[in-house]
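Q: My questions all concern the structure below.
The values are calculated or read from the model by the stated rules, or taken from the named source; none is laboratory data. Predicted model, so just to flag it, every value in this text is computed and none were measured. Please note: Cβ atoms are built from the backbone with ideal geometry, for glycine as well, and neighbour counts cover all protein chains shown. For the accessible areas, the whole protein counts, side chains as well, though only heavy atoms, and no ligand, DNA or RNA atoms are used. Shrake-Rupley method; radii C 1.70, N 1.55, O 1.52, S 1.80 Å.
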Amino acid sequence: MLRQRAEDVTDIDARLVQLCDDMLTTMYEAPGLGLAAPQVGVQKRFFVYDLGAGDGSQVLINPQIVESDGEWEYFEGCLSVPDMGFDIVRPKRVHITGVDLDGNDVSIEADELLARLFQHELDHLDGVLLLDHLDDDQRKEAKKTLRKRAMDTSDPALPEASGSFLRFR
Ligand code: ZN
């Protein structure tokens with residue numbers, strides 16, 4: 001499911017509003033900064049997010065990155081590889097458009113962390129996972145850790161993410 005390209009949202013109805021509400025609950029419990037619909041088994045193009053900067057929870061429907069520039073390295077994590085993070089280089093700034101839950105057009109110029117969140121969640125809508133962004137060494141490291149985990153479930157002393165680690169889910 002996480003590998004498919006999700007479909008555009010055609011109707012913003014009560015069901016979608018309820019779903020966003022449920023996803024936000026899941027996201028805050030995780031805790032994560034964002035959660036895309038395919039991660040809860042819904043193949044639709046929308047995600048919820050909250051950077052924790054005081055703007056509250058947000059929903060972006062049918063998002064599209066219309067422009068991006070710069071380069072920025074950031075230690076990025078994801079639900080698909082729990083408690084692991086990787087330094088990933090992506091564009092530093094993106095201009096994203098979409099629709100909010102009221103059906104209004106949204107246009108956001110995002111930088112650094114917010115730009116990273118948008119790119120990460122949009123990847124989920126396109127069926128792209130964090131592991132697809134790793135270089136060969138990072139991929140080997142990830143496989144080794146995942147293999148060790150699978151074999152040695154009794155060892156709780158695996159490297160955990162640090163406090164500053166921001167997980168997008
Ligand atoms: Zn993710």
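Q: Once the piece of chain linking ASP102 and ARG147 is laid out straight, how much longer is it, given 0.36 nm per residue of separation minus the C-alpha distance between them?
A: Working: separation 45, 0.36 × 45 = 16.20 nm, distance 4.51 nm.
That works out to 11.7 nm of additional length.
Q: Round to the nearest 10 and give me the degree value, 0 to 90, for the angle of helix 112-125's Cα axis relative to the longest principal axis of the chain.
A: 90 degrees
Q: Based on DSSP H runs of at least 4 residues, each adding -39500 (n - 2.57), what is the mean residue ellipticity at 222 nm of the chain after dividing by all its residues, to the nearest 500 deg cm²/dmol? Could the numbers behind the result be given before it?
A: Details: 3 runs with 46 residues, N = 169.
The helix-only estimate for the chain comes to -9000 deg cm²/dmol at 222 nm.
Q: With a 1.4 Å probe and all protein chains in place, put HIS133, HIS95, HIS124 in order of accessible area, largest first.
A: On the way: HIS133 70, HIS95 35, HIS124 5 Å².
Solvent-accessible surface, decreasing: HIS133, HIS95, HIS124.
Q: Ranked from the most accessible area to the least, with a 1.4 Å probe and all protein chains present, what is the order of LYS44, LYS140, LYS92?
A: Numbers: LYS44 70, LYS140 140, LYS92 45 Å².
Order by accessible area, largest first: LYS140, LYS44, LYS92.
Q: Can I ask one more? At q = 0.12, 0.16 Å⁻¹, work out log10 I(q)/I(0) for region 14-151 with the Debye formula, treating every Cα as an identical point scatterer and leaving solvent out; two decimals please.
A: These q points yield log10 I(q)/I(0) values of -0.49, -0.86.
Q: Once the principal axes of the Cα atoms of region 4-80 are found, what is the range along each, listed largest first in whole angstroms?
A: 38, 29, 26
Q: Note down the magnitude of the dipole of the chain about its Cα centre, charges +1 on Lys and Arg C-beta and -1 on Asp and Glu C-beta and zero elsewhere, to the nearest 20 debye. Could the numbers behind the result be given before it?
A: On the way: 18 positive and 33 negative charges, 158 e Å.
With Lys and Arg at +1 and Asp and Glu at -1, about 760 debye.
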